[in-house]
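Below is one structure, written out as C-alpha cells; comments come after it.
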C-alpha cells in the first residue's frame, strides 16, 4: 500500500533555530534518507518552502480568487512529505516514527486512495 | 424449546469469536467474514433445534460459514486475486478430533487488530465487544446508551478504517507486544468498569459487560505467547471485584458501600479464582498497576469485616500504585486507606493537599470521602456540608439514596447532641 506521510511542524520555532540546530536537523534527515533509500520504500519525498510563500486559490461561480497564505491557520504547518510504499499501516507507522520531525512535530499518515479503473 | 434456544445462544457467544477470527484471517475482510458467520448462525438456529447441538459446534459453524464464504468470494469482484483466498478457505476445516478452527493465534490477531492504536477508544471497545465478545450491535448500543443506528455506524466506520488504512491482521512483534497489550487491557478494563460502575442503564446488560470482560481476559491470558503478569493482574482484579457484586446492592436495589456489605453474599468461587490468578502472577514479576490493584482487592475479599481489613498493607499498596500512576484518583484512594489505617485526621490532611491541587474539584468521591472522615471525627456540621456537596455531584440513583441516608443520620446526631459540635 502507498501512504503519504505529511510532516507538520512549528515553523516559527524552526525559524528561530540556531545554525547548529538546523544543521543537526539536516543531518538527521540525511540519516533517515540513508536508511530508507536502500529499502526502496520511499517513492518520493520533499521539503516545502515556509507558509509565508504559500498562495491559495479558489474558484467560485467561475470567478478565480487568489489569496496570500495557506488555507488554514494552525499551530503546526505542513512542511514536507514522504510518499512511502509499505506492507501495511504498522510498517508505515514504523517509518513515520523515524522521520526526524516526528520528535518535535506531527506526522499525519494517509493511505493513498487506489482507483480500480 | 426456549431452553434449547438459550443453549444455542450460549454456544454462539462462546464459539463465534474463534470462528470469526479464523474467517477474517482467510477472507481478509471483516464484513465478509461477519456476513458468512451470520449466515451460519441463522442456519444453526434452523437446524439445531431439530438435530440437536452438534458435538463440535465451532466446527459445524466454521464449515457452514466457510462454504458460504467460498460462494461469496467466487462471485465477488475483488481487487486481489481470488485463488489464494479460495485455497485457504478450502483448507479451513478441522483436523479430526480437533475443535479449534483457528490457528492458535487467530483470536490474538483479532483482539490486537480491534485494539489497534490507530483506532479511537470508543471504536476499539465497540469492535472488541462485537467481534470477540458475542454481543449484538443492539446490546452494545444499549450498554453504551447510544441509539442502535449510532453504534452500527460506529462499527461500519471502524471496519472501513481497518480496511482502507491497511491495519494488519497480525499479532505485534515482541518489541511492540507490551505496548499494544496495554491498549488491549485498557479496553477490557473499560468494558468491565462500564458494567460495574455505570450510573445508568439496564442491570442485566451491565452484568453482561462484566462477564464479557472477564471472559475475554481469561481467553487473553490463555492465548498470549508468554504469561503476561499485567494481563493476569487485570483478570484477577476483575474476578475479585465481580465476586463482591452480589453484596453491592440491597434488596431495594440501593448501593451498599464495601464497609457495610454482607460478606456472606460474596461469590467465593469467583474470589478464589481471582486469588489463584493473582498469586500465580505475583510469583512471576514485580507488580504493575493491575497486579497492585488486584492485590488490594484481594485484601478486601480476604477480610471478615471492614475493621478486620489489613489497612496498613492496603495503604502501602496504594503508595506503590501512586508511584506508577500519580493520578489524583489514586491519591484519593490512598487517602481513604490512610484514614482507615491511621485515623480520619491523617486522611483529611491528605485530602486537603489534594483539594489544593484543584484537579478533583467536581469529583463526587472526594466529597463523599471528606464527609465520611468528618463524620468519624464527630465534626457533624462540616460532615453534613460535605454530604450535601457530594449529593450535588451525584447522579447515580443508588448512591443518591445512600448519601441522603448518611446526611440525615448526621443531622439526627447533630440534633441529638444538642447543636453543632464544632
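A short reminder: the numbers here are calculations on the coordinates, not readings from a lab. Note that the structure is predicted; figures quoted are calculated from it, not measured. Because the Cβ atoms are built from the backbone with ideal geometry, glycine has one as well, and the counts that use them run over all protein chains shown.
Brief remarks follow.
- Peptide B:111-118 has a mean of 1 when you count, residue by residue, the C-beta atoms of other protein chains within 10 Å of its C-beta.
- In nm, spacing of pseudo-spin labels at residue B:260 and residue B:401 (7 Å Cα→C-beta vector): 1.1 nm
- Across the stretch B:193-315, counting alpha-carbon atoms alone, Rg and Dmax equal 14.6, 46 Å.
- Considering only Cα atoms, the convex hull volume of the stretch B:304-422 works out to 117 Å³ per residue.
- Computed Rg/Rh of the stretch B:148-216, alpha carbon atoms with Kirkwood Rh: 1.06
- In this simple spin-label approximation, residue B:121 and residue B:408 carry label points 7 Å from Cα along the Cα→Cβ vector, and these lie 3.8 nm apart.
- Across the alpha-carbon atoms of the stretch B:119-239, the computed radius of gyration and Dmax are 14.5, 41 angstrom.
- Label-point separation in nm, residue B:163 to residue A:20, each point 7 Å along Cα→Cβ: 5.4 nm
- Classified by the C-alpha gyration tensor, chain A has an oblate form. Its axis ratio a/c, with a ≥ b ≥ c, is 1.5 or above, and a/b does not exceed b/c.
- Taking A:56, B:297 and counting other C-beta atoms within 10 Å, the order from fewest to most: A:56, B:297
- Mean Cα-pair separation over length for the stretch B:1-94, i.e. relative contact order, pairs under 8 Å, 6 or more apart, %: 32 percent
- Remark: mean inter-chain Cβ contacts per residue of B:166-172 equal 4, using a 10 Å Cβ-Cβ cutoff to other protein chain atoms.
- For chain B, relative contact order (Cα pairs under 8 Å, six or more residues apart, normalised by length) works out to 9 percent.
- All-pairs Cα distance distribution in the protein assembly as shown, expressed in whole percent, bin size 10 Å: 3, 14, 21, 21, 18, 14, 7, 2, 0
- Exposure proxy ranking for B:367, A:29, based on other Cβ atoms within 10 angstrom of each Cβ and starting from the fewest, stands as A:29, B:367.
- Note on the stretch B:281-358: along the principal axes its Cα atoms extend 39, 28, 13 Å, ordered by decreasing extent.
- Cβ-derived FRET efficiency at R0 30 Å, residue B:272 paired with residue B:9, nearest 0.05: 0.60
- Along its first, second and third principal axes, ordered by size, chain B spans 86, 49, 37 Å in Cα coordinates.
- Sites residue B:156 and residue B:415, calculated FRET efficiency, Cβ-Cβ separation with R0 45 Å, nearest 0.05: 0.15
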